[in-house]
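Heads up, the thing below is written out as structure tokens.
The values are calculated or read from the model by the stated rules, or taken from the named source; none is laboratory data. These numbers come from a predicted model, not from an experiment. For neighbour counting, all protein chains shown are included, and Cβ atoms are generated from backbone atoms with ideal geometry for every residue, glycine included. What goes into the accessible areas is simple: the full protein's heavy atoms, side chains included, and nothing from ligands, DNA or RNA. Shrake-Rupley method; radii C 1.70, N 1.55, O 1.52, S 1.80 Å.
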Amino acid sequence: MAKKANKTATKKAMRREYTKADVKELRAHSKAKTPVAKIAKLTKRSEGSLRQKALKLGIGLGHQR
């Protein structure tokens with residue numbers, strides 16, 4: 001009997017480019033010191049993705065900086 005493939009294991013990572021609106025929203029959240037977990041849920045992006053983009057933009061992210 002063949003094993004069933006795990007759905008999450010076969011799912012390939014989808015990459016979405018950041019639009020100007022996404023960057024503007026990220027800057028606004030940075031200024032408001034919104035927690036990264038909350039931003040991640042709102043934007044449907046991973047915390048790591050948000051942190052990397054903020055690092056490239058040279059802005060702080062999260063409430064503890």
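Restricting to segment 30-48, count the residues that are of a type outside the set (D, E), part of a helix (DSSP H, G or I) and surrounded by 15 or more Cβ atoms within 10 Å (Cβ to Cβ). Before you say what the answer is, go through the steps one by one.
The first filter runs over segment 30-48 and keeps only residues of a type outside the set (D, E), leaving 30-46, 48.
Right, trim to part of a helix (DSSP H, G or I) and you get 30-32, 36-43, 48.
Among the residues that remain, those that are also surrounded by 15 or more Cβ atoms within 10 Å (Cβ to Cβ) are: 30, 36, 39-40, 43.
Matching residues across segment 30-48 total 5.
Would you please list the contacts, defined by Cβ atoms under 8 Å and residues six or more apart or on different chains, that run from a residue in segment 34-61 that is among the hydroxyl-bearing types (S, T, Y) to a residue that is assigned to a loop (DSSP other than H, G, I, E, B) and exposed (fewer than 14 other Cβ atoms within 10 Å of the Cβ)?
Listed by first residue and then by second, the contacts come to T34/H63.
Could we say that K20 is open to solvent by 80 Å² or more (accessible area, probe 1.4 Å), modelled with pLDDT of 80 or more, closer than 15 Å to L61 by Cα and among the basic types (K, R) here?
Working: open to solvent by 80 Å² or more (accessible area, probe 1.4 Å): yes; modelled with pLDDT of 80 or more: yes; closer than 15 Å to L61 by Cα: no; among the basic types (K, R): yes.
So K20 fails the test.
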